[in-house]
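Participant: There's a structure below that I have some questions on.
The values are calculated or read from the model by the stated rules, or taken from the named source; none is laboratory data. All values derive from a computational prediction rather than experimental measurement. Positions of Cβ are generated from backbone atoms using ideal geometry, with glycine treated the same way; all protein chains shown enter the neighbour counts. Accessible surface is based on the protein model in full, side chains and every heavy atom, while ligands, DNA and RNA are left aside. Shrake-Rupley method; radii C 1.70, N 1.55, O 1.52, S 1.80 Å.
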Amino acid sequence: MSMVKTVGINKSFGQLKVLKDVSLTVEQKEVVCIIGPSGAGKSTYLRSLNKLEQIDDGQIYIEDKLLFDCKDGVNHVKMPAAERNKSLLEVGMVFQRFNLFPHKTVLENVMLAPVHVRKYPDGEAKQKAKTLIHRVGLADKLDSYPSQLSGGQQQRVAIARALAMEPRIMLFDEPTSALDPELVGEVLTVMKGLANDGMTMLVVTHEMGFAREAADRVVFMCDGSILEIASPSEIFSNPRNDRTRQFLQSVL
Ligand code: ADP
Ligand code: MG
């Protein structure tokens, strides 16, 4: 079973074509990193997987279930909204900006969605939240407020918050690019731990070291298209596409 599959996704903002026939399959327990220049459409692609953007054309499958089959912005899959939303809950997302609730503690931030969306009982949600906060190395910060945490700690809370919804695949959109350089490592360490535990992950990143070390496959995206998909060793040592080569020369 694949966790996420997209076939021929197209998306425009007005006249600007942002995604052009993007097809990609992420298998269970796979870690796929998407790299590419700014404006390539990486964020739009991730957001389209989570219904944060409506695609114009193409198909999106989550766990082999066809959720979207779009033509000219109209989805032709007939399915109760509740069923589609349940499948979409399998997809967790962590953003560049962590957007924690400032007036809620770390524990409350992580418990909120499980209680309100998943309808977990308070006690159960609390136990689970504590376990996850421990897992991201912040057991001593349960009652802290976001403003009392570093950016790296806040991003780790955001990861725990996403995990609390028990997603089957995690999307990360440049999770470390808003952080001071000395805080990047602690977030990447948490992500590598997740990958080692078998989480399926699709990660947009500029951290080539992370891609090299953690990715099963690396996708190079440019101008709305996937230009190359390869193993990290192939893409970093011997990129086949000239644009991939140019991009890697500019960032490595
Ligand atoms: P990346 O994440 O690779 O930097 P994005 O997906 O954010 O690229 O953006 C791709 C292109 O789409 C860019 O040219 C961007 O300006 C444009 N874009 C993104 N979101 C919107 C929007 N909501 N409205 C109009 N244009 C957008
Ligand atoms: Mg982006």
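Participant: Could you tell me which of Ala160, Thr176, Pro102 has its Cα farthest along the dipole of segment 101-201 towards the positive end, charges placed at Cβ (Lys, Arg +1; Asp, Glu -1), taken about the Cα centre?
Facilitator: The Cα lying farthest towards the positive end belongs to Ala160.
Participant: Under the rule of -39500 (n - 2.57) per DSSP H run of 4 or more residues, summed and divided by the residues of the chain, what mean residue ellipticity at 222 nm is obtained, to the nearest 500 deg cm²/dmol?
Facilitator: Details: 9 runs with 93 residues, N = 252.
Mean residue ellipticity at 222 nm (helix-derived): -11000 deg cm²/dmol.
Participant: I need the shape label for the chain. Rule: rounded when a/c is under 1.5, else prolate if a/b > b/c, else oblate, with a, b, c from the alpha carbon gyration tensor.
Facilitator: Since a/c reaches 1.5 but b/c is at least a/b, the shape of the chain is classed as oblate.
Participant: So what is the relative contact order of segment 11-149, in percent, for Cα pairs below 8 Å that sit 6 or more residues apart?
Facilitator: Dividing the mean separation by the residue count of segment 11-149 yields 14 percent.
Participant: Ok, one more. Suppose accessible area is computed on protein heavy atoms with a 1.4 Å probe; arrange Tyr45, Tyr145, Tyr61 from highest to lowest.
Facilitator: Values: Tyr45 0, Tyr145 90, Tyr61 55 Å².
Listed by decreasing accessible area, they come as Tyr145, Tyr61, Tyr45.
Participant: Assuming 0.36 nm per residue, please report the length gained on full extension of the stretch Thr189 to His103 beyond their Cα-Cα distance.
Facilitator: Working: separation 86, 0.36 × 86 = 30.96 nm, distance 2.74 nm.
Between Thr189 and His103, full extension yields 28.2 nm more.
Participant: Right, next: Using a probe radius of 1.4 Å on heavy atoms only, what accessible surface per residue do you get for the chain? Whole Å² is fine. Present the calculation step by step, with values, prior to reporting the outcome.
Facilitator: Details: 11720 Å² over 252 residues.
Per residue, the chain has 47 Å² of solvent-accessible surface.
Participant: Go through Lys17/Lys86; Lys5/Lys71; Lys17/Lys51 and tell me which ones have a Cα-Cα distance over 28 Å in this structure. Before the final figure, lay out each step's value.
Facilitator: Details: Lys17/Lys86 30 Å; Lys5/Lys71 17 Å; Lys17/Lys51 18 Å.
Checking Cα-Cα distances, Lys17/Lys86 exceed 28 Å.
Participant: For a Förster distance of 25 Å, can you work out the FRET efficiency between the beta-carbons of Ala81 and Ser12, rounded to the nearest 0.05? All intermediate terms of the calculation are to be shown ahead of the outcome.
Facilitator: Working: r = 25 Å, r/R0 = 1.00.
The pair Ala81/Ser12 has a calculated efficiency of 0.50.
Participant: Further question on the same structure: In nanometres, what is the gap between the two model label sites at Ser237 and Asp140, each 7 Å from Cα along Cα-to-Cβ?
Facilitator: In this crude spin-label approximation the distance works out to 4.2 nm.
Participant: Same structure, new question: Just to confirm a number: summing +1 for Lys and Arg and -1 for Asp and Glu over residues other than Val94 whose beta-carbon lies under 13 angstrom from that of Val94, what do you get? Let's see the in-between values first.
Facilitator: Details: positive: Arg47, Arg97, Arg156, Arg161; negative: Asp173, Glu174.
Overall, the nearby charge balance is +2.
Participant: A follow-up question, please. Given the options Ser12, Ser237, Ser48, which has the most mean-square fluctuation in a GNM of the chain, springs set between C-alpha atoms less than 10 angstrom apart?
Facilitator: Largest GNM mean-square fluctuation: Ser237.
Participant: Related question: Is there a quick way to get the dipole size of the chain? I mean about its Cα centre, with the Cβ of Lys and Arg at +1 and of Asp and Glu at -1; what is the value in debye to the nearest 20?
Facilitator: Numbers: 31 positive and 31 negative charges, 91 e Å.
Computed about the Cα centre, the dipole is about 440 debye.
Participant: Along the charge dipole of segment 82-230, which of Gly198, Val219, Ile133 sits closest to the positive end, that is, farthest toward it, with unit charges on the beta carbon of Lys, Arg, Asp and Glu (+1, +1, -1, -1)?
Facilitator: Ile133
Participant: Based on DSSP, what percent of beta bridges with both residues in the chain are antiparallel, to the nearest 5? Walk me through the numbers before you get to the answer.
Facilitator: Numbers: 25 of 42 bridges.
Bridges in the chain that DSSP calls antiparallel: roughly 60 percent.
Participant: Can you tell which of Arg47, Arg161, Arg240 shows the greatest fluctuation in a Gaussian network model of the chain with Cα springs below 10 Å?
Facilitator: Judging by the Gaussian network model, the answer is Arg240.
Participant: Comparing Val94, Val22, Val77, which has the greatest mean-square fluctuation in the GNM of the chain with Cα pairs linked when under 10 Å apart?
Facilitator: Val77
Participant: Multiply the residue separation of Lys119 and Ser147 by 0.36 nm, subtract the distance between their alpha-carbon atoms, and state the gained length in nm to one decimal. Don't skip to the end; give the middle numbers.
Facilitator: On the way: separation 28, 0.36 × 28 = 10.08 nm, distance 2.78 nm.
This chain segment gains 7.3 nm when fully extended.
Participant: Once fully extended, how much extra length lies between Asp64 and His206, figured as 0.36 nm per residue of separation less the alpha-carbon to alpha-carbon distance? The partial results should precede the final answer.
Facilitator: Working: separation 142, 0.36 × 142 = 51.12 nm, distance 2.93 nm.
Computed gain between Asp64 and His206 is 48.2 nm.
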